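Participant: One structure coming up, written as structure tokens, with questions to follow.
The values are calculated or read from the model by the stated rules, or taken from the named source; none is laboratory data. Keep in mind the model is a prediction, meaning the values are calculated, not measured. Virtual Cβ from ideal backbone geometry, glycine too; neighbours counted across all protein chains shown. Quick note on the areas: whole protein, heavy atoms, side chains included, nothing else; ligands and nucleic acids left out. Shrake-Rupley method; radii C 1.70, N 1.55, O 1.52, S 1.80 Å.
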Amino acid sequence: MASLDEISSAQLQRYSRQIMLPQIGIEGQLRLLRAHVFIIGVGGLGSAAAYYLTASGIGKLSICDAEQVEASNLQRQILHGSDDIGRLKTESARNALHRLNPDIQIHTINRRFETLEPQQLETVDILLDASDNFATRFSANHTSIRLGIPLVSAAAIRMEGQLSTFEPKHADSPCYQCLYRDEAMDTPDNCSVGGVLAPIVGIIGTLQALEAIKLITGTGEPLRGRLLLFDGAGLQWRSVRLPRDPLCPACGQRQR
Ligand SMILES: [Zn+2]
């Protein structure tokens, strides 16, 4: 059981509206303060997710992005401002997040996720894929399966978004490649070719933060085995069942 000695009075005050939720309490807040979330990409989805995770009191955030801020990012990547054009996105993001909550430990990685060694992710509790390309998404999926780390995966384009949570330690959980196969690599479809309306990435990125908080605190039902689809034009949500594929090239051999 958590005790009051483990949380400072400043933290009690700061996170009081969360602590008063019976599903969170001091125990849940302490779990958040001890958690390490790894965010792949601090673009549109990553901006929204990182802001809410930082505000919620996640103890350590790793942010991984090799790009620099460009003018065309500013319409939706709200961690970055006009003065940040030309800076590394990770640096700009760290500044913005520290201004919001200086207590959060922020680790920046200025590389593409695919180039990282698995040892660099050993202490990670949740992997949050906020990237915009299939090569990175497949790499995140492999890492999630190999290290047994839950993966909260999302995508947003035009006026649509989608979200799912993969938990490789659960025998019935599908993985990202049960949904998309390698052939998807041949069909680049991201916001640089299709465009995206600004609030769409905010809505979906915020849901990624919510899923991460639920997984860390054991609150509610994670989106395991379901794919949530959002249609911003018709303002409709749809949830479809996503079963595990026994022939999946990534998780088909995993222990069932
Ligand atoms: Zn799979």
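Participant: Any idea which residue in region 203-238 is surrounded by the fewest Cβ atoms within 10 Å (Cβ to Cβ), counting only those that are assigned to a loop (DSSP other than H, G, I, E, B) and within 16 Å of the ligand (Cβ to nearest atom)?
Facilitator: Start the filter on region 203-238 by keeping residues that are assigned to a loop (DSSP other than H, G, I, E, B), which leaves 218-223, 225, 232-235.
Going one step further and asking which of them are within 16 Å of the ligand (Cβ to nearest atom), we end up with 223, 225.
On the way: L223: 22, G225: 18.
Ranking the qualifying residues of region 203-238, first place goes to G225.
Participant: Spot the failing condition for R241; the list is (1) over 27 Å from P118 (Cα atoms); (2) away from the ligand (no atom under 16 Å from the Cβ); (3) not hydroxyl-bearing (S, T, Y), and only one is missed.
Facilitator: Checking R241 against (1) over 27 Å from P118 (Cα atoms); (2) away from the ligand (no atom under 16 Å from the Cβ); (3) not hydroxyl-bearing (S, T, Y), the one that fails is (2).
Participant: Wholly within region 105-172, which strands (runs of 3 or more DSSP E) include no fewer than the required count, namely at least 1 residues that are open to solvent by 30 Å² or more (accessible area, probe 1.4 Å)?
Facilitator: Numbers: elements: 105-109, 126-129, 151-157, 160-166.
Hits in region 105-172: 105-109, 160-166.
Participant: Do any residues in region 78-93 that are closer than 19 Å to F38 by Cα and β-branched (V, I, T) have Cβ atoms under 6 Å from those of residues that are part of a loop (DSSP other than H, G, I, E, B) and open to solvent by 50 Å² or more (accessible area, probe 1.4 Å), where the two are at least six apart or on different chains, and which pairs are they?
Facilitator: From residues that are closer than 19 Å to F38 by Cα and β-branched (V, I, T), the pairs are T90/N110.
Participant: Looking at the structure I just gave you, is H36 surrounded by fewer than 21 Cβ atoms within 10 Å (Cβ to Cβ) and within 21 Å of the chain's Cα centre (by Cα)? Walk me through how you get there before you give the answer.
Facilitator: Numbers: surrounded by fewer than 21 Cβ atoms within 10 Å (Cβ to Cβ): yes; within 21 Å of the chain's Cα centre (by Cα): yes.
When the stated conditions are applied, H36 passes them.
Participant: Out of curiosity, is G252 open to solvent by less than 40 Å² (accessible area, probe 1.4 Å), in contact (Cβ under 8 Å) with a residue 40 or more places away in the chain and either in a helix (DSSP H, G or I) or within 16 Å of the ligand (Cβ to nearest atom) (or both)? Lay out the reasoning, then the answer.
Facilitator: On the way: open to solvent by less than 40 Å² (accessible area, probe 1.4 Å): yes; in contact (Cβ under 8 Å) with a residue 40 or more places away in the chain: no; either in a helix (DSSP H, G or I) or within 16 Å of the ligand (Cβ to nearest atom) (or both): yes.
Here the answer is no, as G252 does not meet what is asked.
Participant: So how many residues does region 54-87 have that are under 24 Å from A212 (Cα atoms) and not in a loop (DSSP other than H, G, I, E, B)?
Facilitator: Total meeting the criteria: 8.
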